[in-house]
Protein chains: 2
Amino acid sequence: MAAETRERIVEAADLLFYQHGFEATSFADIAATVGISRGNFYHHFKTKDDILDGVINRRLANTEQMLDRWEIAGSDPAERIRSFIHILIVNGEKIRKYGCPVGTLSSELAKLNHTAKSDAAALFTLFRSWLCRQFERLGFGDKSDELAMHILGRSQGVATLANAFDDDRFLHHEVDLMCTWLDDQIADLTNKNNPDRE
Amino acid sequence: MAAETRERIVEAADLLFYQHGFEATSFADIAATVGISRGNFYHHFKTKDDILDGVINRRLANTEQMLDRWEIAGSDPAERIRSFIHILIVNGEKIRKYGCPVGTLSSELAKLNHTAKSDAAALFTLFRSWLCRQFERLGFGDKSDELAMHILGRSQGVATLANAFDDDRFLHHEVDLMCTWLDDQIADLTNKNNPDRE
DNA sequence: CCGAAATTAGGTCAATTGTCCTATTCTGTC
DNA sequence: GACAGAATAGGACAATTGACCTAATTTCGG
């Protein structure tokens, strides 16, 4: 079946793009991983950029699905945000080896002046607006987007340094700090709404 | 003169590696930028990795020089840390276009499984130990390295997102937050040392 | 079972890559 | 001013790249 082969190609490309980068991954690499001939590629993807498109769309779909799963899990928005923060630990090993899939792809495409850079940024937007929604539900109002960007940036920085230093302890420590930060934000907000002196 | 040509090559390579990445920059690109023949390269650098070495050493030297300049500027350690934070604004335009030179190089080399990855990480270490020293002088003792890594990570995350979204307002806002965070840390420390009730 | 369409394999293509060689030009010393 | 060594230019080299084509095979509706 064609759709299945296509799916296998995108899946392999996704992994290779993550592990070695978009530019450093060749058609031959993907073909060898999937176990099909190079020529077969052209039937499913006309250009390398098409494969990138497929990979980004796959990531978008997977991410959306993950975020939806967290949203219907019934827990409160704060718990959902903690789920986001804990991706750093869940995917800790991969992050220490290859960095954050979203951030590193976005950076690479920016340097390549690639048309798909905005598509990669859409992946960030997915997380951003999801986080923003959670903060809004917690009652942060107009500050929600700022807070979403803040925590998104924090996790990006943690991923970059954990990768550069291959440091697991740092990663865990910063995750704790981010959770503490979240608790403080929520405490500040409730204090502001119920200003009971002393 | 040979040393001058070599310097021009490294300088051009430094810029190109930053703007387009290490792998995406070819010998021909550098030669064209410097304005010398490709063959002339081999006289100064045997392999591409040699050029990378030269670029990293150049960055190490420049960074060390910058940090030294900040250190003898006579201001207090807190002011020096603020100087570090404000690189994000000083280099804001470049960062929005190409990301952080240190972080993006480190990420790329990690994906390429390149031997020089540890050399690139040494650039991070330069900032890390410098920041650590400033925190120690402020009296943070054993916590100094954690704080240094924290602020290093924050700036990395800010650079990544400012690049992904090409967002200058976010960059400025996060710089403000980092400065506030620094002030809070210092305030907490003095409170701890002078526990005068009320 | 047939034949058309979808799928796959294998190979070709020009362009580019990093590497390397040789011939020429420049530079400084006796 | 001659000459050795450094510096430069220009090209050759095999290997790899993304892209493309054609022929063989598979799949499936009638």
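Observations, loosely collected:
- Residue list for segment B:39-59, filter: surrounded by fewer than 15 Cβ atoms within 10 Å (Cβ to Cβ), part of a helix (DSSP H, G or I) and either of a type in the set (Lys, Arg) or more than 12 Å from DNA strand D (Cβ to nearest atom) (or both): B:Asp49, B:Asp50, B:Asn57
- Residue count for segment A:1-30, restricted to those that are under 26 Å from the mean Cα position of the chain (by Cα), within 14 Å of DNA strand D (Cβ to nearest atom) and more than 14 Å from chain B (Cβ to nearest Cβ): 8
- Selection over segment A:17-38 of residues that are open to solvent by 60 Å² or more (accessible area, probe 1.4 Å), in a helix (DSSP H, G or I) and either of a type outside the set (Ser, Thr, Tyr) or under 16 Å from B:Glu23 (Cβ atoms) (or both) gives a count of 5.
- Elements of type helices (runs of 4 or more DSSP H) contained in segment A:79-133, each with 3 or more residues being in contact (Cβ under 8 Å) with a residue 40 or more places away in the chain and over 19 Å from A:Phe170 (Cα atoms): A:101-111
- Residues (away from chain B (no Cβ under 14 Å), open to solvent by 40 Å² or more (accessible area, probe 1.4 Å) and acidic (Asp, Glu)) located in segment A:65-109: A:Asp68, A:Asp76, A:Glu79
- Among the residues of this structure, B:Leu112 counts as one that is hydrophobic (A, V, I, L, M, F, W, C), within 13 Å of chain A (Cβ to nearest Cβ), out of contact with any Phe, Trp or Tyr (no Cβ under 6 Å at 6 or more places or on another chain) and open to solvent by 40 Å² or more (accessible area, probe 1.4 Å).
- Against the list (1) open to solvent by 30 Å² or more (accessible area, probe 1.4 Å); (2) under 22 Å from B:Lys111 (Cα atoms); (3) modelled with pLDDT of 95 or more, the condition B:Asn62 fails is (2).
The values are calculated or read from the model by the stated rules, or taken from the named source; none is laboratory data. Not measured: the values here are computed from a predicted model. FYI the Cβ positions are ideal-geometry reconstructions off the backbone, even for glycines, and counts take in every protein chain you see. Note: accessible area is taken over every heavy atom of the protein model, side chains too, but ligands, DNA and RNA are not part of it. Shrake-Rupley method; radii C 1.70, N 1.55, O 1.52, S 1.80 Å.
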